[in-house]
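Each remark here refers to the structure printed beneath this line.
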Amino acid sequence: MKNIDYTAMGARIRNARLAAGLSQSELAERCNLSISFLGHIERGSRKMSLETLVAVCEALNLSADYLLQDELPASDAMIGNIIASVKKQGSYQYDRYLTIIKALAEISDKL
C-alpha cells in the first residue's frame with residue numbers, strides 16, 4: 001500500500017483550484033470549510049476527512065485517485081458506456097464521435 005503524501009496532495013488541490021480560477025475563499029465556501037483549514041490542506045499540514053475529500057473532488061471535478069495518488073482512474077464507466085452506445089450506431093457515427101472528442105481535447109489544451 002502506498003503512503004499518502006499530504007504535501008503533494010495539497011499541491012494538486014491548489015493547482016486544480018488555481019486552474020479552475022477559484023480563490024481559497026471560493027473553494028472553501030463550496031466545500032463548507034474555513035479558509036484557514038483549506039490553507040492547511042493545500043500546504044499538507046492537516047489531514048482532511050473523507051467527507052471533505054469528497055467535497056473537494058466534487059468542487060474541483062477531480063477523481064479521488066488523482067488527489068490521493070496522482071493517478072487517473074484506469075477506466076471510466078461513463079466513457080465506456082458512451083463508446084458502447086456509439087459503436088452500436090455504426091462505424092460512421094463512431095468516427096464522428098472520435099473526431100469530436102479529439103477536437104474537444106485540443107480546445108481544452110488551449111484553455
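Coordinate-derived values only; no laboratory data. Since we're looking at a predicted model, the values are computed, not measured. No Cβ is skipped: glycine too gets one built from the backbone with ideal geometry, and neighbour counts run over all protein chains shown.
Side notes on the structure shown:
- The dipole here belongs to the chain: it is taken about the Cα centre, uses +1 on the Cβ of Lys and Arg and -1 on the Cβ of Asp and Glu, and is about 80 debye.
- When the helices of the chain are scored as -39500 (n - 2.57) per DSSP H run of n ≥ 4 and the total is divided over every residue, the value at 222 nm lands at -22000 deg cm²/dmol.
- Using only the C-alpha atoms, the convex hull of the range 1-99 corresponds to 125 Å³ per residue.
- In the chain, lysine pairs with alpha-carbon atoms under 28 angstrom apart (chain gap of 8 or more, or interchain): 4
- Counting neighbouring beta carbons within 10 Å and listing from fewest to most, the residues Leu33, Leu98, Leu27 come out as Leu98, Leu33, Leu27.
- Using a Förster distance of 41 Å, the FRET efficiency for Leu18-Tyr94 (Cβ separation, nearest 0.05): 0.65
- Rounded to 10°, Cα long-axis angle of helix 6-19 versus longest principal axis of the chain: 60
- Counting only Cβ charges, +1 for Lys and Arg and -1 for Asp and Glu, the dipole size of the range 6-69 around its Cα centre is about 240 debye.
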